[in-house]
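See structure below.
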Amino acid sequence: MLKRHSLREQVRDALLEKIASGELRPGDRVVEAQVARQLHVSPIPIREAIRELVAIGVLRSENHRGAWVREATILECAEALEVRSALDALVIRKVAKRLRGKCGPLREVVAAIIEAAKRRDFSAFQHHNQTFHRSLVEQTGNRALLRVYDSLAFDVRVRAVMDFLAAKDPVEIASEHAAILDALDRGDVREATRCAVQHSRRLVEFLEEELASRQRQSADQFPQRDEASALRRIGNRG
């Protein structure tokens, strides 16, 4: 299993956890001196971690304003999940033999995901969900794959996804993890892959539905503005 050692990674993970838990909310500034006091580290790894989080879209920064937390949009979350659905097939293929008949620890994680969903505790859901998916990636032993996965920032996006999907049944979404694990435990690579890819794609579909619904509501509320935008797009194409 891959481990993280550098101070930059530890600071990055600590900041991601603060954002995912809601301790740091969209618009909140990330103050280097405050982070240094909390984590007992020097400014250098903090700046490196902030630069990385800016690069993957979790934070924004400007000269003389510092860095602050960005709000994840529906479209960004859907795009990240589309990428994950493509990665899922590779992840499952690489971990299938290793996990066959050895899924006990992950079953505890899945049970925690489902229990959090029943309570609609999306902070706990995010934590256990991230543990499940990242554990699968770690089990591949592929550092490049782990870097790609980390760049999608699911540590913070899962909370946003669940907020966007407030009208959906979180227990149904949570239970899909059990189907993935059951297939892995049996050594059924094809079924595990199908379940994993379907899980991500279903979330993408839900988000697309939510985005379309919000766009319709916006068009109903501001029909003239929407018409003007459409005319501008047509004019730009011309």
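The values are calculated or read from the model by the stated rules, or taken from the named source; none is laboratory data. Bear in mind that the values here come from a model prediction, so they are computed numbers and not experimental data. Using ideal geometry, Cβ is built from the backbone for each residue, glycine included, and neighbour counts are taken over all protein chains shown.
Could you grab me the full set of residues in the range 86-129 that are within 22 Å of ALA167 (Cβ to Cβ), in contact with a Lys or Arg (Cβ under 9 Å, 6 or more places away or on another chain) and of a type in the set (Gly, Ala, Ser)?
Residue satisfying the conditions is SER123 alone.
So, ALA49, is that one in contact with a helix residue (DSSP H, G or I) (Cβ under 9 Å, 6 or more places away or on another chain), touching a residue at least 24 places away in the same chain (Cβ under 8 Å) and either assigned to a loop (DSSP other than H, G, I, E, B) or in the same structural domain as LEU146 (by TED's automatic domain parsing) (or both) or not?
When the stated conditions are applied, ALA49 does not pass them.
Looking only at the range 147-183, count every residue that is under 30 Å from GLY101 (Cβ atoms) and not hydrophobic (A, V, I, L, M, F, W, C) and tell me the total.
Selection size over the range 147-183: 10.
Exactly one condition in (1) closer than 27 Å to THR140 by Cβ; (2) modelled with pLDDT of 90 or more; (3) surrounded by 13 or more Cβ atoms within 10 Å (Cβ to Cβ) is false for LEU2; which is it?
Status for LEU2: all satisfied but (2).
Restricting attention to the range 36-73, which residues are crowded, with 20+ Cβ neighbours inside 10 Å and of a type in the set (Val, Ile, Thr)?
ILE46, ILE50, VAL58, VAL69
Could you check ARG143 against (1) surrounded by 18 or more Cβ atoms within 10 Å (Cβ to Cβ); (2) at pLDDT 90 or above and say which number it fails?
Failing condition for ARG143: (1).
Which one is nearest to GLN139 (Cα to Cα), of the residues in the range 84-102 that are aliphatic (A, V, I, L, M) and surrounded by 14 or more Cβ atoms within 10 Å (Cβ to Cβ)?
VAL95
Please work out if ALA78 is surrounded by 19 or more Cβ atoms within 10 Å (Cβ to Cβ), small (Gly, Ala, Ser) and not assigned by TED's automatic domain parsing to the domain that holds GLY141.
It is false that ALA78 is surrounded by 19 or more Cβ atoms within 10 Å (Cβ to Cβ), small (Gly, Ala, Ser) and not assigned by TED's automatic domain parsing to the domain that holds GLY141.
Hey, can you tell me all the residues within the range 103-118 that are loosely packed, with under 14 Cβ neighbours inside 10 Å and in contact (Cβ under 8 Å) with a residue 40 or more places away in the chain?
Matches in the range 103-118: LYS118 only.
Note down all Cβ pairs under 9 Å where the first residue falls in the range 119-130 and is modelled with pLDDT of 90 or more, the second is crowded, with 21+ Cβ neighbours inside 10 Å and of a type in the set (Phe, Trp, Tyr), and they're at least six residues apart or on different chains.
The qualifying pairs are ARG119/PHE125; ASN129/PHE154; GLN130/PHE154.
Here is a list of conditions, (1) of a type outside the set (Ser, Thr, Tyr); (2) closer than 15 Å to VAL156 by Cα; (3) not in a loop (DSSP other than H, G, I, E, B), and ARG25 meets all of them except one; can you say which number that is?
(3)
Considering only the range 14-25, state which residues are acidic (Asp, Glu) and either touching a residue at least 40 places away in the same chain (Cβ under 8 Å) or out of contact with any helix residue (DSSP H, G or I) (no Cβ under 9 Å at 6 or more places or on another chain) (or both).
Answer for the range 14-25, where residues must be acidic (Asp, Glu) and either touching a residue at least 40 places away in the same chain (Cβ under 8 Å) or out of contact with any helix residue (DSSP H, G or I) (no Cβ under 9 Å at 6 or more places or on another chain) (or both): just GLU17.
It is to be established whether one or more residues within the range 56-69 are touching a strand residue (DSSP E or B) at 6+ places or on another chain (Cβ under 7 Å), under 24 Å from VAL148 (Cα atoms) and either charged (D, E, K, R) or without any contact (Cβ under 8 Å) to a residue 24 or more places away in the chain (or both).
Yes, the range 56-69 contains at least one residue that is touching a strand residue (DSSP E or B) at 6+ places or on another chain (Cβ under 7 Å), under 24 Å from VAL148 (Cα atoms) and either charged (D, E, K, R) or without any contact (Cβ under 8 Å) to a residue 24 or more places away in the chain (or both).
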